[in-house]
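Below is one structure; the comments refer to it alone.
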Amino acid sequence: MEYSPGDSRSTSKRKVIAVVGGGLVGALNACYFAKRGCGVELFESREDIRQAKIVRGRSINLALSHRGRQALKHVGMEEKIVSKGIPMNARMIHSLEGKRSPIPYGKKGQYILSVDRANLNKELLTAAEEYPNTKLNFGHKLLDWSIESGAMTFLRSDGTKMEIKADLIVGCDGAFSAIRKQFLRQSRFNYSQTYIPHGYMELTMPPKNGDFAMEPNFLHIWPRNSFMMIALPNLDKTFTCTLFMPFEEFEKITTGEQVLEFFQTYFPDSIPLLGEDALKRDFFRLPAQAMVSVKCSPYHMGNKCVIMGDAAHAVVPFYGQGMNAGFEDCLVFNEIMDQLNEDFNAVLPEYTRIRVPDDHAIADLAMYNYIEMRAHVNSKWFIFRKYLDNF
Ligand code: FAD
């Protein structure tokens, strides 16, 4: 399966696009390029998650908002995804004493949706595959590519290597992007990466008497100033609870008893819902995971390559906009392709010009919300202000 833009599969009419990374943004992007009639080859290092028993990823569920929905709508995927999402109309703040106070997200009737990451990824891959001009190549890890020739080298899961070229390379290979590595070698490429001191750990809250253990249509938050826990509902009536805390605090907890003591001190109302035994066990199942914020510019190299999603702008998760902004990247790129007649010489710089300020703003807002969610949300003034906002 080796070809280049000169081969028969790439006629002068049909541009061949290599989408590197078949995560959320790569899979959606494949739909966008396929819909406009390009030949799409998607390369994903993992095996096909639709066949995998265990899907490794970051969070189990995610908040899908207006920005992401608009991008899904354009390729006819909005309803399919929304129908499997759970509306969250408000935050539900859990005080230390166990009092619960709702703070709406917006005006009456506005909400964000809790969606299952694995299901969303699977649906988008299936939608991409339904286009006859798309081919999904799993078990293909990008090792390297050349800015001069555009040739990409992949390592296949059988250990063999292959080299291909395409008219355009679209790097959607996540926060540690292999595509972006080549950008770093170019002059006038700006790049910064920041790890925050907090890590995150996911815990599952099982259903209670066959129903959700807490009110389902809320994003639950236990703000405790220097750290916090949140919980998003899942279709199987579980909640995924995510504890965000400085790594040094995680490291202090080494025994099941210490876990219980910690939860008793800071999240006492959650203990009966999570279950003492499960809590003592699950806390040590996986180590806390790091969170990185990546900002860079430009998002393109010549007329050959562009990066989108976390590859271009990994953000901390506190604004719930990483995936949503990545989805919007696909929509914005598509609009520019229309405006500039698919001329990559013009489209790529224009995409950078339009998109960099917006994605950088999202990264800054996410950093700001890192403090807002765990601390400001706790203050009486915040609750009062939000109360006023909704009138
Ligand atoms: P990824 O999802 O990382 O996908 C990249 C893909 O590229 C992967 O499939 C990977 O296997 C593949 N790949 C990597 N390297 C290679 C290679 N060399 N060759 C081929 N393939 C490769 N966002 C929201 O909008 N709402 C939320 O509520 C939200 N919650 C979050 C909670 C947590 C705890 C975290 C960590 C993130 C959250 N995010 C949220 C952010 C969201 O997860 C990311 O923005 C989103 O996953 C980015 O999608 P992506 O496709 O760009 O990258």
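Since every read-out is calculated from the coordinates, none of them should be taken as a lab result. The shown structure was predicted, so the numbers you read here are calculated from the model rather than taken from an experiment. Cβ coordinates were reconstructed from backbone atoms using ideal geometry, including for glycine residues, and neighbour counts include every protein chain displayed.
For this structure, a couple of remarks:
- A simple packing score, the average count of other Cβ atoms within 10 Å per residue, orders the peptides 84-96, 305-317 as 305-317, 84-96, with the highest score first.
- Base-10 log of normalised Debye intensity for the stretch 308-375 (one unit scatterer per alpha-carbon) at q = 0.18, 0.20, 0.21, 0.25 Å⁻¹: -0.65, -0.76, -0.81, -1.01
- Remark on the stretch 196-289: ratio of C-alpha radius of gyration to 2.2 N^0.38 Å is 1.03.
- Among the trypsin sites (Lys or Arg not before Pro) in the stretch 257-317, those located in a DSSP loop and surrounded by at most 11 other Cβ atoms within 10 Å of their own Cβ are Arg285.
- Kirkwood radius, the stretch 98-236, all distinct C-alpha pairs, inverse of mean reciprocal distance: 20.3 Å.
- Assuming charge only on the beta carbon of Lys and Arg (+1) and of Asp and Glu (-1), the dipole of the stretch 196-289 about its Cα centre is about 100 debye to the nearest 20.
- Cβ-defined net charge surrounding Leu243, 12 Å radius [Lys, Arg +1; Asp, Glu -1]: -1
- Taking amide H positions as modeled 1.01 Å from N, with prolines and chain starts lacking one, the residues under 5 Å from Ala213 and 5 or more places away or on another chain are Lys208.
- Of Ser157, Ser270, Ser297, the one that fluctuates the most in a GNM where the chain has Cα springs shorter than 10 Å: Ser157
- Long-range amide H partners of Met88 with built H, under 5 Å: Ile112, Leu113, Ser114
- For GluC sites (Glu not before Pro), the sites in the stretch 26-112 that DSSP calls loop and that have at most 15 other Cβ atoms within 10 Å are Glu47, Glu97.
- Enclosed volume per residue, in Å³, of the convex hull spanned by Cα atoms of the chain: 152 Å³
- Mean Cα-pair separation over length for the chain, i.e. relative contact order, pairs under 8 Å, 6 or more apart, %: 20 percent
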